[in-house]
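One structure is given here, and the rest of the page talks about it.
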Amino acid sequence: MNKKRVGIIGAGPSGLAQLRAFEAAKNEGHDGPEVVCFEKQSNWGEMWNYSWRTGVGQYGEPIHGSMYKYLWSNGPKECLEFSDYSFDEHFKKPISSYPPRPVLFDYIQGRIKKNNVRDYIRFDTTVRWVSFDEETQKFTVVLDNLKIDKTYSEEFDYLVVASGHFSTPNMPYFKGIEHFPGQVMHAHDFRGADQFKDLNLLIVGSSYSAEDIGVQCYKHGAKSVTLSYRSSPIGVAWPEGIKEVPLLTHFENDTAFFKDGTSEKYDAVVLCTGYQHKFPFLPDEMRLKTKNNLYPDHLYKGIFFNELPRLIYLGMQDQYYTFNMFDAQAWVSRDCIMGKYELPSKEERRLDINKWLAENEAHTSNEAHVDFQTAYIKELLSLSNYPNFNVEKVAEMFKEWLKDKEENILTYRDKSFKSVVTGTQAEIHHTEWMDELNDTKERYLYQEESEESLADK
Ligand code: FAD
Ligand code: NA7
C-alpha cells in the first residue's frame, strides 16, 4: 500500500514541531507517513532566524520575519520549554529566564539537530497555491523552487499550514501621515533600536510589539517614547521618558494630534498595529479568516479546519504559550494523521468549537486569558502522548510575569523562574537587562571566560 503523504508549509517552530512529532513516533517504532516540509527561506526557525532584510528577499519573495536585534524573550523561558527537550539538556548548565533571541534560536535547533529532520525540508521553496479534489481526497500543492526558478506540483493526503501569522502587517491609515517628514514604518520592518537614538519616537499600539519596541528604543537611547493606544493603555508604571496617550487622530506635518486634544512633534513613527492572518496560497474556502485571538473560529481543537479536517493549522492562536503549545498541537495532528486519534462528526466538532468560542468571549482580564489558554493546553495534552508537564505551574508563572511587568517594565527580565521540566531554578544573568547592550550568544553564555577561549567557541 502507498504511504500517506503529508505536506507541511513552513519550517518555523510550528512546522518543526510537526516534524519532531513524526520523528518521535518513528523512534517509538511506528511506521509514519511520508512527510515533506516546504520552507520559502534558506534556513529553518523563522521568526527566530533574524534577517537584516526588509521588503523582499533574495528571490523577490515578501520577507517573512518581524524579528529585530536586541530582542530578548518577552516571557519566561520556563513557560515555553519543550517538555521532551529541556534547557538543561541543551545548554548543560542553568541559564537565566529571559535569554536573547540567538540563545532561544540555538535551543530550538538543538532538539531537531539530534534527528535527521533537516532531510525532510525543501528550503528555498514557496508554496504558491493549493487545491483539493473531493473525489480523490487529495491536495495538489503548487510549488516554486526559488533557487532555479522552477514551478512544479505535488499531491498530498494531509496538509499542515504552519506559515505563522505575525508577518503581514496591519497598516491603518492616519490622516496626514503621507506628509509626515520623518520615517514611518511598521513593526514588521523594525530591525533594531539604533536608528532611533536621540529621536522623539511615536509608537501606535498597546500590545506586545508596542511595549517591547518602546522599551528597547528607550534602553538604546531614544530621546522620548510616546505610545498611543486605541482601546486601553498597557498601563504599567512607565519610567520618565516613556508615556502613554490616547489614540492618534491625525498628523499636521511633524505634529501628531491625539484623541484627548493634545498634540506633539515627533521625529519618527512605528506602527505596532498588529498583523493579518494571510494565506495567499489558499483558496477562499480553505482560508482561515480570523483576527488575532486565543481561539480562532473554524478550528476544531484549535487545529483541524472544520470544513475540511485534512487541512490542519498550527500556531494560529494569539500566544501566551508558544513552543510547548505548538508541540502539543503537532502531536495531536500527528496522531490524527496516523489514525490513532479519531475525529468526531462535523456537527460534534462545531459544538465543541462553539463551547471554546463562548468561553473565550467571557474572559477579559489578562489573567483569565492565561487560564483560558492553559485549559486549552491541558485539553491538547489529554489527547496525545506528548510528555505531560505541570501546566498549572506554568500558568502561575505567566501570572507572576504579568505582575512583574506591571511593577517594573525595565527590570522584569532580571527575575528568575523554576523549570517545570527539570526543577532547575534559572540563573540570575551576569548583567542586569537594562545595562546589557550586547545580545550575542557568546556574551550571554560565556561572559566569564577569557577572550582566548571565547574565540574557540
Ligand atoms: P513562524 O515563526 O512565523 O514561521 C512560519 C514559517 O513559514 C516561516 O519560516 C516562513 O518563511 C514560512 N512560510 C510562510 N509562508 C510560506 C510559503 N508560502 N511557503 C513556504 N514557507 C512559508 N514568542 C515567544 O515565545 N517569545 C518571544 O519572545 C516572542 N517574541 C516575538 C517577537 C516578534 C517580533 C514576533 C513577530 C513574534 C514573537 N514571538 C515570541 C511569537 C512567535 O511568533 C513564535 O515564537 C513562533 O515563531 C511562531 O512559530 P510559527 O512556526 O507558527 O510561525
Ligand atoms: P497584537 O498583539 O495583535 O496587537 C496589535 C495592537 O495594535 C493592539 O494594541 C491593537 O489595539 C493595535 N491596533 C490595531 N489596529 C489599530 C488601529 N487601526 N489603530 C490603533 N491601534 C491599532 O500585535 P503585536 O504586534 O503587538 O504582537 C504580535 C506578536 O509579536 C506577539 O506574539 C509578540 O510576541 C510579538 P486594540 O487593543 O485592538 O485596540
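The values are calculated or read from the model by the stated rules, or taken from the named source; none is laboratory data. Just so it is clear, the model here is predicted, and its values are computed rather than measured. Cβ coordinates were reconstructed from backbone atoms using ideal geometry, including for glycine residues, and neighbour counts include every protein chain displayed. Each accessible area value is taken on the protein alone, full model and side chains, heavy atoms only, with ligands, DNA and RNA left out. Shrake-Rupley method; radii C 1.70, N 1.55, O 1.52, S 1.80 Å.
Are any residues in the range 192-203 open to solvent by 10 Å² or more (accessible area, probe 1.4 Å) and either among the hydrophobic types (A, V, I, L, M, F, W, C) or touching a Cys at 6+ places or on another chain (Cβ under 6 Å) (or both), and if so, which ones?
Of everything in the range 192-203, just one residue is open to solvent by 10 Å² or more (accessible area, probe 1.4 Å) and either among the hydrophobic types (A, V, I, L, M, F, W, C) or touching a Cys at 6+ places or on another chain (Cβ under 6 Å) (or both), namely LEU199.
So which of VAL225, VAL184, VAL161 ends up being β-branched (Val, Ile, Thr) and within 16 Å of ligand 1 (Cβ to nearest atom)?
VAL161
Report, by residue number, each residue of the range 364-386 that is touching a residue at least 40 places away in the same chain (Cβ under 8 Å) and loosely packed, with under 15 Cβ neighbours inside 10 Å.
Once the filter is applied, which keeps residues that are touching a residue at least 40 places away in the same chain (Cβ under 8 Å) and loosely packed, with under 15 Cβ neighbours inside 10 Å, the range 364-386 yields only ASN385.
If I go through the range 403-422 residue by residue, how many of them are among the aliphatic types (A, V, I, L, M) and open to solvent by less than 20 Å² (accessible area, probe 1.4 Å)?
Total satisfying the criteria: 1.
What residue, among those in the range 310-359 that are among the polar types (S, T, N, Q) and either in a loop (DSSP other than H, G, I, E, B) or open to solvent by 50 Å² or more (accessible area, probe 1.4 Å) (or both), is farthest from ASN293 (Cα to Cα)?
Among them, the one singled out is SER345.
Regarding TRP48, is this residue near ligand 1 (Cβ under 8 Å from one of its atoms) and either within 16 Å of LEU19 (Cα to Cα) or at pLDDT 95 or above (or both)?
Answer is no for this residue.
Just give me the residues in the range 204-232 being away from ligand 2 (no atom under 12 Å from the Cβ) and open to solvent by 20 Å² or more (accessible area, probe 1.4 Å), in sequence order.
Result: TYR218, LYS219, HIS220, GLY221, LYS223, SER224.
List the residue pairs whose Cβ atoms are under 8 Å apart, where the first residue sits in the range 49-71 and is over 19 Å from ILE9 (Cβ atoms), the second is open to solvent by less than 50 Å² (accessible area, probe 1.4 Å) and basic (Lys, Arg), and the two are 6 or more positions apart or on different chains.
Going by the 8 Å Cβ cut-off, the qualifying pairs are TYR50/ARG101; TRP52/ARG191; THR54/ARG191; MET67/ARG101; TYR68/ARG191; LYS69/ARG191; TYR70/LYS219; LEU71/ARG101.
Of all helices (runs of 4 or more DSSP H) completely enclosed by the range 1-114, which ones contain at least 3 residues that are among the charged types (D, E, K, R) and within 19 Å of the chain's Cα centre (by Cα)?
Output list reads 101-113.
Filter the range 176-195 down to the residues that are touching a residue at least 24 places away in the same chain (Cβ under 8 Å), assigned to a helix (DSSP H, G or I) and over 25 Å from the mean Cα position of the chain (by Cα) and list them by number.
ILE177, HIS179
Could you figure out which of (1) on the phi < 0 side of the Ramachandran plot; (2) within 16 Å of ligand 2 (Cβ to nearest atom) isn't true of PHE279?
Failed condition: (2).
Right, GLU155: more than 16 Å from ligand 1 (Cβ to nearest atom), over 28 Å from the mean Cα position of the chain (by Cα), in a helix (DSSP H, G or I) and not hydrophobic (A, V, I, L, M, F, W, C) or not?
Here the answer is no, as GLU155 does not meet what is asked.
Name the residues in the range 421-445 that are of a type in the set (D, E, K, R) and in a helix (DSSP H, G or I), would you?
ASP435, LYS441, GLU442, ARG443
So which of GLY274, GLY235 is crowded, with 17+ Cβ neighbours inside 10 Å and on the phi > 0 side of the Ramachandran plot?
GLY274
Please enumerate the residues belonging to the range 280-308 that are in contact with a Leu (Cβ under 7 Å, 6 or more places away or on another chain) and open to solvent by 30 Å² or more (accessible area, probe 1.4 Å).
Hits for the range 280-308 are ASP297, HIS298.
Here is a check on your reading of the model: is ARG118 open to solvent by less than 30 Å² (accessible area, probe 1.4 Å), in contact with a helix residue (DSSP H, G or I) (Cβ under 8 Å, 6 or more places away or on another chain), among the basic types (Lys, Arg) and under 25 Å from TYR158 (Cα atoms)?
For ARG118, the condition - open to solvent by less than 30 Å² (accessible area, probe 1.4 Å), in contact with a helix residue (DSSP H, G or I) (Cβ under 8 Å, 6 or more places away or on another chain), among the basic types (Lys, Arg) and under 25 Å from TYR158 (Cα atoms) - is not met.
For the range 44-84, which positions are open to solvent by less than 40 Å² (accessible area, probe 1.4 Å) and under 21 Å from ARG128 (Cβ atoms)?
TRP44, GLU46, GLY57, GLU61, ILE63, HIS64, GLY65
Can you tell me which residue is surrounded by the fewest Cβ atoms within 10 Å (Cβ to Cβ) among those in the range 159-174 that are in a strand (DSSP E or B), within 19 Å of the chain's Cα centre (by Cα) and more than 10 Å from ligand 2 (Cβ to nearest atom)?
THR168
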